[in-house]
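This report concerns only the one structure given below.
Coordinate-derived values only; no laboratory data. Nothing here was measured: the structure is a model prediction, and the numbers come from that model. No Cβ is skipped: glycine too gets one built from the backbone with ideal geometry, and neighbour counts run over all protein chains shown.
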Ligand SMILES: [Zn+2]
């Protein structure tokens, strides 16, 4: 890289790191209330165990995740065009498509990658679980906690872009033996949702 451009990059990085607030503190308590196991619908995909609150219509969740970019991929399009399957299967397929796309975007392929995804019915519940875990209140669309290998998201906030970002965090955190600084991981996760549809 020419010196000027390198200097410009360093200045950009410094400003970026200085301006970005930390996403959340590393101090947290228990995983949060599990509730009764009957309160959750549990769906297994290749890379994730998805827990959706019992009253959530899985077709509705699947509809909110647009993976139409997969129709151009010779392997993924089979899953994309899979018709006559349940909402749960559709959701599982879409999560798997996003995981594989994120891995490709990052060129990171952590071995045995498997996470949990918890889908809450409302933003209020998501805020509640955040507060329970971090002992502070924040309005996040979704968040990933590496310690629990879990993504937390609310139904209103489910989208391919939010999931690509959080799944990106999960892949990044599972890939590095020594985690890079939070802000660098944030940059990489943003890279996933920006390039999801490329
Ligand atoms: Zn993030």
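Miscellaneous remarks
- Mean projection of the Cα convex hull over all viewing directions, computed for the range 58-195: 8.5 nm².
- Projected label distance in nm at residue 161 and residue 121, using a 7 Å step from Cα toward the beta-carbon: 2.8 nm
- Those residues of the range 42-72 whose amide nitrogen sits under 20 Å from the label point placed on residue 149, 7 Å along Cα→Cβ: 42-52
- Site pair residue 195 and residue 109 shows an inter-label distance of 1.6 nm when each label is modelled 7 Å from Cα along Cα→Cβ.
- Ordering 184, 56 by the number of other Cβ atoms within 10 Å of each residue's own Cβ, fewest first, gives 184, 56.
- For 137, 154, order by how many other beta-carbon atoms lie within 10 Å, fewest first: 137, 154
- Exposure proxy shown here: for 191, 120, the number of other Cβ atoms within 10 Å sets the order, fewest to most, as 191, 120.
- Modelled label positions at residue 178 and residue 132, each set 7 Å beyond Cα in the direction of Cβ, lie 3.6 nm from each other.
- Beta bridges from DSSP with both residues in the range 33-195: antiparallel share about 45 percent, rounded to the nearest 5.
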